[in-house]
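> Quick one: structure below, then a few questions.
The values are calculated or read from the model by the stated rules, or taken from the named source; none is laboratory data. If you're wondering where the values come from, they're calculated on a predicted model, not measured in any experiment. Backbone-built Cβ (ideal geometry, glycine too); neighbour counts: all protein chains shown. Heads up: the accessible areas ignore ligands, DNA and RNA and are worked out on the full protein's heavy atoms, side chains in. Shrake-Rupley method; radii C 1.70, N 1.55, O 1.52, S 1.80 Å.
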Amino acid sequence: MRQKSTRARPDAAWAAPLLVCGVIAGPLFVVVFLITGATRAGYDPLRHPVSSLALGDLGWTQVATFVVAGALTVAFAVGLRRALRPFGGSTWGPVLVGVWGAGLIGAGVFVTDPISGYPPGTPGRLTQYGSAHAALHDVVSLLAFVALVAACFVFARRFAGWGSPLWAAYSAVTGIVFTGAFALAGMGFEQTKGLVDVAGLFQRISIAAGWCWLSLLALRLLRGQEIGDRPGG
């Protein structure tokens with residue numbers, strides 16, 4: 001017999017504000033780097049990474065964006081864990097989302113090195129790290145990206161179990177797009193011929209895909225939409 005669909009209702013009053021954090025973190029992050037990237041002298045959004053916006057006199061705006069968006073995402077991860085309990089819960093999904101948020105905070109605290117000729121007058125790629133904090137930036141950023149990809153596939157499996165094939169497919173496709181675009185961006189930042197001038201574009205595709213998925217997931221739970229026909233699956 002077909003089980004009655006169950007709606008996502010956070011089981012604590014404080015879960016809803018935490019889910020709101022997940023809705024706004026992505027748009028905030030994307031809007032800020034689009035505006036600053038379009039107005040920063042010598043910066044080419046198609047070529048340069050988002051992290052490079054943390055360099056220079058106005059770099060504090062991107063640093064603050066990393067930290068604020070990361071903190072909002074960590075808060076969302078806490079609310080996500082609580083909101084999913086009626087459906088049997090998910091341990092790794094919220095944990096991985098929290099790692100993504102913590103990685104963003106770390107990426108803001110540890111500023112990157114110049115790359116791909118930004119700031120103007122710097123080489124395309126340094127032969128070695130210019131500082132320890134630049135090396136730490138790459139480590140925490142990589143961990144964050146891997147965590148978000150893993151979260152996509154964890155939730156793809158969970159949504160399939162909850163009887164929500166469209167969201168399962170959407171989560172899996174997001175993970176694939178994110179991984180592919182991130183890999184191409186990394187190759188471009190390593191100065192691979194043919195990808196250098198579009199590395200920033202590929203990075204933005206990966207970031208936008210990941211943030212969109214997270215924001216929609218938060219919005220879905222916040223609005224109390226149905227997870228599927230097998231809430232305990």
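> Using the structure shown, decide if Val63 is touching a residue at least 40 places away in the same chain (Cβ under 8 Å), farther than 30 Å from Arg158 by Cβ and either open to solvent by 20 Å² or more (accessible area, probe 1.4 Å) or out of contact with any helix residue (DSSP H, G or I) (no Cβ under 9 Å at 6 or more places or on another chain) (or both).
Values: touching a residue at least 40 places away in the same chain (Cβ under 8 Å): yes; farther than 30 Å from Arg158 by Cβ: yes; either open to solvent by 20 Å² or more (accessible area, probe 1.4 Å) or out of contact with any helix residue (DSSP H, G or I) (no Cβ under 9 Å at 6 or more places or on another chain) (or both): yes.
Here the answer is yes, as Val63 does meet what is asked.
> Something else about it: Counting just the residues of the range 78-93 that are assigned to a helix (DSSP H, G or I) and open to solvent by 10 Å² or more (accessible area, probe 1.4 Å), which one comes out modelled with the lowest pLDDT?
Step one: of the range 78-93, the residues assigned to a helix (DSSP H, G or I) are 78-83, 85-87, 92-93.
From what's left, open to solvent by 10 Å² or more (accessible area, probe 1.4 Å): 78, 81-82, 85-86, 92.
Working: Val78: 92, Arg81: 85, Arg82: 84, Arg85: 71, Pro86: 66, Trp92: 87.
Per the stated criteria, the residue is Pro86.
> Only one of Arg47, Arg85, Arg81 is touching a residue at least 12 places away in the same chain (Cβ under 8 Å) and within 20 Å of Ala134 (Cβ to Cβ); which? Step through it out loud before you land on a result.
Details: Arg85 fails: within 20 Å of Ala134 (Cβ to Cβ); Arg81 fails: within 20 Å of Ala134 (Cβ to Cβ).
Exactly one of Arg47, Arg85, Arg81 is touching a residue at least 12 places away in the same chain (Cβ under 8 Å) and within 20 Å of Ala134 (Cβ to Cβ), namely Arg47.
> Here's something else I'd like to know. Test Arg157 against the criterion of being of a type in the set (Lys, Arg), under 30 Å from Arg47 (Cα atoms) and open to solvent by 30 Å² or more (accessible area, probe 1.4 Å), and give yes or no.
Numbers: of a type in the set (Lys, Arg): yes; under 30 Å from Arg47 (Cα atoms): no; open to solvent by 30 Å² or more (accessible area, probe 1.4 Å): yes.
Criteria not met by Arg157.
> Six or more apart or on different chains, Cβ under 6 Å: which pairs go from a residue in the range 193-208 that's under 14 Å from Ser52 (Cα atoms) to one that's part of a helix (DSSP H, G or I)? Could you list them?
Ala199/Ala185; Ala199/Gly188; Ala199/Phe189; Gln203/Ala185
> So if I check each of Leu96, Leu148, Leu136, which one is open to solvent by 50 Å² or more (accessible area, probe 1.4 Å) and closer than 25 Å to Ser51 by Cα? Quick ask: steps written out before the conclusion?
Numbers: Leu96 fails: open to solvent by 50 Å² or more (accessible area, probe 1.4 Å); Leu148 fails: open to solvent by 50 Å² or more (accessible area, probe 1.4 Å).
From the options Leu96, Leu148, Leu136, the qualifying one is Leu136.
> Tell me which residues, restricted to the range 110-132, are surrounded by 15 or more Cβ atoms within 10 Å (Cβ to Cβ) and not polar (S, T, N, Q). Steps first, answer last, please.
Initial filter on the range 110-132 (surrounded by 15 or more Cβ atoms within 10 Å (Cβ to Cβ)): 110-119, 122.
Correct list: Phe110, Val111, Asp113, Pro114, Ile115, Gly117, Tyr118, Pro119.
> Here is a check on your reading of the model: is Gly233 modelled with pLDDT under 95, out of contact with any helix residue (DSSP H, G or I) (no Cβ under 7 Å at 6 or more places or on another chain) and either part of a strand (DSSP E or B) or surrounded by fewer than 22 Cβ atoms within 10 Å (Cβ to Cβ) (or both)? Even if it seems obvious, please write down each step before you answer.
Working: modelled with pLDDT under 95: yes; out of contact with any helix residue (DSSP H, G or I) (no Cβ under 7 Å at 6 or more places or on another chain): no; either part of a strand (DSSP E or B) or surrounded by fewer than 22 Cβ atoms within 10 Å (Cβ to Cβ) (or both): yes.
Judged against the criteria, Gly233 is not a match.
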